[in-house]
Amino acid sequence: MIVRFGVTVPSFIDRVRRAIPQKDIVSESDGELHFMMYGYRLALVLTDFDEDIPVRLNLPLSRGEAAE
């Protein structure tokens, strides 16, 4: 199973790529990053949603991070 997270800012994928060990990265392509963490396969996928969607949906930890 792959857990996918949509992100609206390409720099966030770059930040995660730099923060995790290279050995945990499964694959990457333009706008996607697949990696392993705690036994889970996770994927960050670039979406075309407006950057303020997380704030408008009142999602946890979205305040101030949507504009980054």
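Counting Cα-Cα pairs of the chain in 10 Å increments starting at 0 gives whole-percent bin shares of 20, 50, 28, 2.
Each peptide in 44-54, 13-23 receives the mean, over its residues, of other Cβ atoms within 10 Å, and ordering these scores from highest gives 44-54, 13-23.
Taken together, the values in this text are just the output of simple stated rules run on the coordinates, not laboratory data. All figures in this text were calculated on a predicted structure; none of them were measured in a lab. No Cβ is skipped: glycine too gets one built from the backbone with ideal geometry, and neighbour counts run over all protein chains shown.
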